[in-house]
Every structure is written in structure tokens, then in C-alpha cells.
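Read through the structure below, which is laid out as C-alpha cells, and then see the notes.
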């Protein structure tokens with residue numbers, strides 16, 4: 001790493017991929033306690049303060065070090081117990097603060113859940129605990145996952161390590177920024193309309209949205225139940241695939257969980273040949289709306305795929321033009337229903353009316369007014385309106401019909417090509433406040449990622465270079481249950497586009513510039 005080279009062993013450790021960390025742990029070159037402490041030191045150095053990255057809302061140093069010590073003890077004992085350790089045992093991880101954890105607060109970055117402690121673990125958290133992965137803490141996000149910039153957090157915005165005056169994307173900007181800033185090698189996120197993939201593109205990291213239902217959503221605070229999906233954030237496609245293998249699989253606690261066996265995603269990520277593959281470029285997402293830099297890097301990517309032996313063809317998906325409108329009606333409608341329980345009576349903080357009688361209705365009104373931020377209120381109002389009598393068929397019903405058309409466009413496309421590729425985000429990381437007063441402009445950041453959530457198909461974002469010094473990402477989409485294809489093609493793109501200076505994740509500058517976010521603080 002040109003900008004992170006150091007004689008300090010802790011600095012060297014945090015600059016490895018998760019796969020390399022796991023290898024060093026297995027061979028005894030390092031211990032999990034050393035690795036975990038190095039990451040905790042990194043968090044202390046760059047995350048806090050007035051101008052820190054602010055990727056974490058809560059750091060759990062004591063718990064993480066205890067887990068690391070337990071793994072080290074098992075590994076040192078040798079024998080069957082050591083052999084049975086998961087390949088990622090001892091590798092630290094962070095968890096988006098929308099996923100419930102015992103012993104650590106889960107706030108959804110909202111004052112509504114300030115300080116709330118879950119009595120149970122999410123299924124994905126149970127699996128990472130069973131694998132022996134130290135949980136460093138909980139990462140920041142847009143409140144209740146509603147946003148594309150992480151500016152809507154009630155606890156202050158997360159900053160992009162590439163430029164601390166810019167956003168890392170959202171809603172999962174905390175997880176992506178933590179990986180980019182070398183605060184953690186792996187993180188869990190949730191993706192409702194691009195909240196893992198878009199931050200990945202803006203921070204030069206890898207973000208994966210699995211096939212809907214292939215990773216349990218039990219324990220993820222729901223925004224839009226038919227769209228939400230937990231997935232991995234990482235530095236490389238291989239790292240993401242290793243984490244994906246761990247968290248995937250059927251869960252009887254999740255009624256939408258698929259019964260499928262877990263595929264060898266990491267093996268797919270290690271393939272380096274795309275010769276003979278037919279790769280589709282979505283006509284509706286290729287040109288207009290993308291910045292010049294994003295468009296140029298994307299065309300470079302297509303050229304590299306052709307040179308590697310892939311056949312690149314244009315694919316027409318006409319219903320994608322209506323995806324953004326359909327998504328924001330469906331998402332807001334489901335969010336309105338899911339967030340109804342946060343009323344100060346059943347869940348959440350409680351606020352009493354300032355004057356007048358104390359009734360349930362007035363307590364609910366005071367609580368929701370004080371506990372929810374502007375973006376959450378905006379989407380609840382929109383969703384309630386779309387579901388109201390006289391408007392349901394015109395809005396929500398029509399949006400569901402568009403969703404069916406989008407699913408059919410995907411099916412027709414995948415009859416002709418193995419995967420689809422698009423730019424992940426139409427622009428690079430934007431400055432704080434730049435889009436905050438224009439919700440529609442903010443929503444347009446997700447124009448390329450939203451169709452995958454509406455159809456339930458898997459997608460991955462991988463870095464493809466820089467535009468004006470900021471990361472650009474490309475998205476790979478595959479048919480339902482064919483997540484391995486996204487890792488195969490995504491990993492090849494990752495290697496083809498890493499350039500003379502090496503992988504993009506190794507080039508992020510030290511996060512030292514002054515930053516003054518205009519929201520949330």
C-alpha cells in the first residue's frame with residue numbers, strides 16, 4: 001500500500017484482505033488478539049473527534065478482545081477443536097446498527113431507539129458469533145436506513161475516507177467507510193434499494209446484495225420487508241464471498257428464507273476467466289444521467305471485458321425507466337406500515353405532550369414528532385398516503401404492476417445473457433449538503449441499484465477506478481439464486497481494473513482533511 005506503508009505491525013495488519021488475515025491466523029503468524037487490537041487502535045485514531053470518519057456509533061472493545069482471546073486459545077490448543085474453527089475465526093467484523101445484537105445498543109441511528117438493547121441476536125449475528133469473529137461494534141447509517149448519504153443519522157453524518165468533506169453513500173455508509181478506512185476488514189450491511197452497493201461504489205470497496213431470501217432477515221429492523229436484504233461489505237470480492245458463505249442459508253425464523261444449500265461463492269470469486277461469457281449492458285442505465293467520469297470508467301470496464309474474451313451486448317429493459325417511481329411508492333408504503341409500531345406505547349422512546357390532556361393519541365403524536373427525523377417522516381407520510389382509501393390502486397397497486405414488469409425484463413434479459421453490468425452510482429461521492437434539500441436528486445443516486453431489489457436478483461458492486469480522484473464502481477447482476485455469477489464476473493472486473501497502482505482499496509488516503517458536514521451534528 002503506497003499510502004499506508006509502515007514499519008508498525010499494527011498498521012501492516014489492518015491493511016490486509018480478510019482472506020489474508022485468515023490465512024495468517026491459521027498459520028500462527030498472528031493472533032486474533034493482535035489483529036483485533038490493531039483495528040480497535042485504528043478506530044480510536046481515525047473515527048472519533050470533530051473531524052473523524054464517524055463510521056461507528058458504538059465500539060465494543062471488551063467483547064471483541066474476549067472473543068479474540070477465546071479463538072486464540074482454541075487454536076493454540078490444537079487437535080480437533082482447532083481444526084473445526086471456521087476459516088474466518090478470529091477475523092474482526094462490524095455490524096450495521098440496523099441489525100440487532102445482544103450486549104450492544106441497536107438504535108437504527110434514530111432517537112426513537114436511543115440506547116435500546118436487544119434481548120436477542122439477529123440470525124446473521126448468531127452465525128458470526130458461532131464462527132468466532134470478534135464484533136468490533138455497530139456502524140452508522142441513515143436513520144432506519146432511509147437515505148443515500150448517511151447524512152440522515154440522528155447521531156451525525158459518516159464521512160468518506162477518500163475526502164472527509166464528502167458522503168460515503170447510504171444508507172450503509174458507516175459499514176462501507178469503516179472498511180475503506182481500515183477500521184474493519186469486513187462488515188454487515190442491509191440493502192433495500194442499493195444501501196450496500198452504492199456506498200461500496202463511493203468508497204472504493206465491495207458491496208453485495210444477495211438473492212432475496214438467501215440470507216436471513218431475522219433480527220434486521222425492517223424498513224421495506226419485500227425489499228430488504230442483509231449482505232456483506234468488504235475490500236475484495238473474495239472477502240465478500242467468504243462472509244456471504246457464512247451468513248447465507250435457510251433460517252426457519254424467517255418466513256421468506258429460501259431452503260437452498262449455500263453455494264461455494266469464494267471459489268467463484270477466484271475464477272479469472274470470462275472468455276465465452278455473454279455480458280449484457282442495460283441500455284436504460286448506460287448513458288444519460290451518469291457523470292462523464294463514471295461513464296468513462298464504465299466504458300473502460302466494458303473494453304477490458306471484451307479484451308478478456310467476453311461478448312458484450314446491449315440489452316433493452318424498458319420497464320427500468322419506471323423503477324425509481326415504483327420503488328419509492330412500494331418502499332414508503334411498507335416503511336409506513338413497519339414503523340407504525342414505534343409510537344411510544346409499544347416500542348421506542350416516549351414523549352409526553354407539552355400541554356393539554358395526556359392521551360394515547362397525543363403521546364403517539366409527540367413521540368413520533370420528536371423521535372423521527374425529517375426523511376423518515378417524509379417517507380411515512382408518502383407511504384400512508386399511497387395506502388389510503390381511494391389511492392391504493394392508483395399508486396401502490398400500480399407500482400406493484402410495474403414491479404412485475406421489471407421482473408419480466410430481468411427474466412428476458414437473462415434468457416440472452418449470463419449477467420448484466422451497469423454503473424453502480426451515476427456520480428462519485430458528493431459533498432455534504434449538496435443534495436440534502438432536494439430529495440428527488442438524492443433518490444436518483446439509486447437509479448441503477450433499485451431494479452435488483454424490486455426483482456429480488458443478486459448484485460455486487462466492485463471498484464473500477466477513479467474519476468477526479470474519487471472511486472467509481474460497476475455493478476454486476478445475475479438471475480435469482482445465481483449469486484456465484486456475480487462473484488465470478490465481479491472478481492474478474494476487480495482484477496482487470498485495478499491498474500498499475502494496485503487495488504483501489506489500497507490507495508485510500510489517510511482521513512485527515514477537515515470536514516464540516518451540514519447535517520446531523
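Measuring r between the beta carbons of residue 393 and residue 416 and using R0 = 35 Å, the FRET efficiency lands at 0.55. Contact order for the range 148-304, expressed relative to its length and based on alpha carbon pairs under 8 Å spaced 6+ residues apart, stands at 16 percent. Cβ-to-Cβ counts within 10 Å put 253, 24, 138 in ascending order as 253, 24, 138, the fewest first. Full extension of the segment from residue 130 to residue 256, taken as 0.36 nm per residue of separation minus the current Cα-Cα distance, would add 43.1 nm.
Listed from fewest to most Cβ neighbours within 10 Å, the set 111, 96 follows the order 111, 96. Computed from the C-beta positions of residue 385 and residue 165 and an R0 of 35 Å, the FRET efficiency is 0.45 to the nearest 0.05. Taking 7 Å steps out from each Cα toward its Cβ at residue 275 and residue 69 produces label points 5.4 nm apart. Each residue in 159, 485 was given a count of other beta-carbon atoms within 10 angstrom of its own, and listing them fewest first yields 485, 159. Over the residues of the chain, the helix contribution to mean residue ellipticity at 222 nm works out to -11000 deg cm²/dmol, using -39500 (n - 2.57) for each DSSP H run of at least 4. Counting only DSSP beta bridges with both residues in the chain, the antiparallel share comes to about 65 percent.
Summary value for the chain: 19 percent relative contact order, contacts being C-alpha pairs under 8 angstrom separated by 6+ residues. If you take every DSSP beta bridge whose two residues both sit in the range 9-271, what share of them, in percent to the nearest 5, is antiparallel? About 70 percent, rounded to the nearest 5. Just check the range 270-354 against the gyration tensor rule for me: Cα atoms, a ≥ b ≥ c as the square roots of the eigenvalues, rounded for a/c under 1.5, and otherwise prolate or oblate depending on whether a/b exceeds b/c. Prolate.
Coordinate-derived values only; no laboratory data. All values reported here derive from a predicted model rather than from experimental measurement. When we count neighbours, we look across all protein chains shown, and the Cβ atoms used for this are built from the backbone with ideal geometry, even at glycine.
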